[in-house]
1. Based on what the data block shows, is ARG91 touching an Asp or Glu at 6+ places or on another chain (Cβ under 9 Å), basic (Lys, Arg) and in a strand (DSSP E or B)?
2. Of VAL113, VAL105, which residue is buried (at least 19 other Cβ atoms within 10 Å of the Cβ), in contact with a strand residue (DSSP E or B) (Cβ under 8 Å, 6 or more places away or on another chain) and either assigned to a strand (DSSP E or B) or assigned by TED's automatic domain parsing to the domain that holds ARG67 (or both)?
3. Looking at the range 43-61 only, could you name the residues that are surrounded by fewer than 14 Cβ atoms within 10 Å (Cβ to Cβ) and assigned to a loop (DSSP other than H, G, I, E, B)?
4. Got a sec? Which of ALA155, ALA123, ALA146 is closer than 13 Å to ARG172 by Cβ and hydrophobic (A, V, I, L, M, F, W, C)?
5. Given the condition over 30 Å from GLY233 (Cα atoms) and touching a helix residue (DSSP H, G or I) at 6+ places or on another chain (Cβ under 7 Å), answer yes or no: does some residue in the range 127-145 qualify?
6. Check whether at least one residue in the range 107-128 is farther than 30 Å from ALA162 by Cα and without any contact (Cβ under 8 Å) to a residue 60 or more places away in the chain, and report yes or no.
7. Give the residues of the range 190-203 that are surrounded by 14 or more Cβ atoms within 10 Å (Cβ to Cβ) and touching a residue at least 40 places away in the same chain (Cβ under 8 Å), sorted by residue number.
8. Among strands (runs of 3 or more DSSP E) lying entirely in the range 128-239, which contain 2 or more residues that are of a type outside the set (Val, Ile, Thr) and touching a Lys or Arg at 6+ places or on another chain (Cβ under 6 Å)?
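The values are calculated or read from the model by the stated rules, or taken from the named source; none is laboratory data. This is a predicted model, so every value here is computed, not measured. Methodologically, a virtual Cβ is constructed for each residue, glycine included, from the backbone with ideal geometry; neighbour enumeration extends over all protein chains shown.
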Amino acid sequence: MEKPGSILRRTAGALALAAVAACPAARAEELPAATLQAVRAIAGDAAAALAPAGLRVEVVPGALDPRLKLAPCPRIEPYLPPGVRPWGRARVGLRCQGGAVAWNVYLPVTVKVWGPGVVAVSALAQGTVLAPDQLTLGQVDWAAEATPPLAAVEALAGRTLARNLAAGESLRVDDLKAREWFAAGDAVHIVARGNGFAVSTRGEALTRGIEGRPVRVRTEAGRILTGLPTAEGRVDVTL
């Protein structure tokens, strides 16, 4: 059976060819339907390759700058510019092939990637200590922010909001206050991992153990290491 990714790529290619062959002229304020269809397919195919399995991709084309004066074009070819990540706000290139005047412009697009995520049941204020009944799972746009939405309601119990949250708004890692796992001077359990080995030892925290921030620790042997706090009283170190 042919893989879904192959079908998407073949479909995008066919639509791009259709767009190339079916555009008698191009104006900044009105692009042919075949061109827009090819734009959706090209950006959607690329976004689907980035998204986790089971998520739904939606591509919303924007509009070209109406001040652009584009020469008539018999064939408009959509393409994904090198280095463009089709996630959230992006752009698709449009180039004229076979026209009296060659041109190349960029069409803004919004790529939405819909999937499950934690959302607020009602409006929540900054500083709220979260309880499971304040949250639920809903369909959210994973591509709307740089960080993905959180997906487990129960795991958020007791966490504190770092900003106001509107009803129905998705909850992401950046929306939570970082936890302090331990204070400077506390005894900690150090787990050090290297290439094919792992060792553990006791030690002392030299700085506060803030979630997501590097922390310095001193082992029982007096060695100073830098790692990441991953739980209460625990530091993971990569050697």
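1. Working: touching an Asp or Glu at 6+ places or on another chain (Cβ under 9 Å): no; basic (Lys, Arg): yes; in a strand (DSSP E or B): yes.
Answer is no for this residue.
2. On the way: VAL105 fails: buried (at least 19 other Cβ atoms within 10 Å of the Cβ).
One residue alone meets the criteria, VAL113.
3. Answer for the range 43-61, where residues must be surrounded by fewer than 14 Cβ atoms within 10 Å (Cβ to Cβ) and assigned to a loop (DSSP other than H, G, I, E, B): PRO52, ALA53, GLY54.
4. Values: ALA155 fails: closer than 13 Å to ARG172 by Cβ; ALA123 fails: closer than 13 Å to ARG172 by Cβ.
Just one listed residue meets the conditions, ALA146.
5. So the first thing to find is which residues in the range 127-145 are over 30 Å from GLY233 (Cα atoms), and the list is 136-145.
Keeping just the survivors that are touching a helix residue (DSSP H, G or I) at 6+ places or on another chain (Cβ under 7 Å) gives none.
Scanning the range 127-145, I find no residue that is over 30 Å from GLY233 (Cα atoms) and touching a helix residue (DSSP H, G or I) at 6+ places or on another chain (Cβ under 7 Å), so the answer is no.
6. Start the filter on the range 107-128 by keeping residues that are farther than 30 Å from ALA162 by Cα, which leaves 107-109.
Keeping just the survivors that are without any contact (Cβ under 8 Å) to a residue 60 or more places away in the chain gives 108.
Yes, the range 107-128 contains a residue that is farther than 30 Å from ALA162 by Cα and without any contact (Cβ under 8 Å) to a residue 60 or more places away in the chain.
7. Filtering the range 190-203 down to residues surrounded by 14 or more Cβ atoms within 10 Å (Cβ to Cβ) leaves 190-193, 201, 203.
If the condition is that a residue be surrounded by 14 or more Cβ atoms within 10 Å (Cβ to Cβ) and touching a residue at least 40 places away in the same chain (Cβ under 8 Å), then ILE190, VAL191, ALA192, ARG193 are the ones that fit.
8. Values: elements: 135-141, 180-182, 187-194, 197-205, 215-219, 224-231, 234-238.
In the range 128-239, 197-205 are the strands (runs of 3 or more DSSP E) which contain 2 or more residues that are of a type outside the set (Val, Ile, Thr) and touching a Lys or Arg at 6+ places or on another chain (Cβ under 6 Å).
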